[in-house]
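Step one of this worksheet: look at the structure below.
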Amino acid sequence: MSSSLFTFTSAFTLGIMGLMLHRVHFLSALLCLEGMMLSLFIAISLWSTKTGTASYFSIPMFLLTFSACEAGVGLALMVATTRTHGTDHLKNLNLLQC
């Protein structure tokens, strides 16, 4: 296994484990999602450079754009839930209530 594949796999696995096991604050869940997206960006960037095809060079930029949009929407949701519920603890949120 190459070092870049090991680094990508371990970063993505750490992001998933952090998302599964450390769900206390909404901000920590958003940071784990962002880490997963950045590791995917690195993996797709490395894949596109290894293939050498010029048509694959735009895919990492699309992924990075969607990742930035996801981060903006996540922060907006965090601000909205903090204002309505007073905290960003995930235990205190009951999303089935109106």
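Go through (1) touching a residue at least 24 places away in the same chain (Cβ under 8 Å); (2) of a type in the set (Val, Ile, Thr); (3) in a loop (DSSP other than H, G, I, E, B) for THR87 and report which single condition fails.
For THR87, the failing item is (1).
Mind checking which pairs have a first residue in the range 47-59 that is under 18 Å from SER3 (Cα atoms) and touching a residue at least 12 places away in the same chain (Cβ under 8 Å) and a second that is open to solvent by less than 70 Å² (accessible area, probe 1.4 Å) and assigned to a helix (DSSP H, G or I), Cβ under 7 Å, 6 or more apart or different chains?
Pairs found: SER48/ILE59; SER48/PRO60.
Among all residue pairs at least 6 apart or on different chains, which show Cβ distances below 7 Å where the first residue, located in the range 22-35, is farther than 16 Å from CYS69 by Cβ and the second is open to solvent by 30 Å² or more (accessible area, probe 1.4 Å) and in a strand (DSSP E or B)?
VAL24/HIS89; HIS25/HIS89
Scan the range 43-66 for residues that are open to solvent by 70 Å² or more (accessible area, probe 1.4 Å), more than 21 Å from the chain's Cα centre (by Cα) and of a type outside the set (Phe, Trp, Tyr) and jot them down.
Hits for the range 43-66 are THR49, LYS50, ALA54, SER55.
Output the residue which, of all residues in the range 68-92 that are open to solvent by less than 60 Å² (accessible area, probe 1.4 Å) and in contact with a strand residue (DSSP E or B) (Cβ under 8 Å, 6 or more places away or on another chain), is modelled with the lowest pLDDT.
LEU90
Would you confirm whether or not the range 3-10 contains a residue that is at pLDDT 90 or above, closer than 30 Å to LYS91 by Cα and open to solvent by 70 Å² or more (accessible area, probe 1.4 Å)?
no
The values are calculated or read from the model by the stated rules, or taken from the named source; none is laboratory data. These figures come from a predicted structure and were not determined experimentally. A quick note on method: Cβ atoms are made from the backbone with ideal geometry, for glycine too, and the neighbour counts reach across all protein chains shown. Accessible surface is based on the protein model in full, side chains and every heavy atom, while ligands, DNA and RNA are left aside. Shrake-Rupley method; radii C 1.70, N 1.55, O 1.52, S 1.80 Å.
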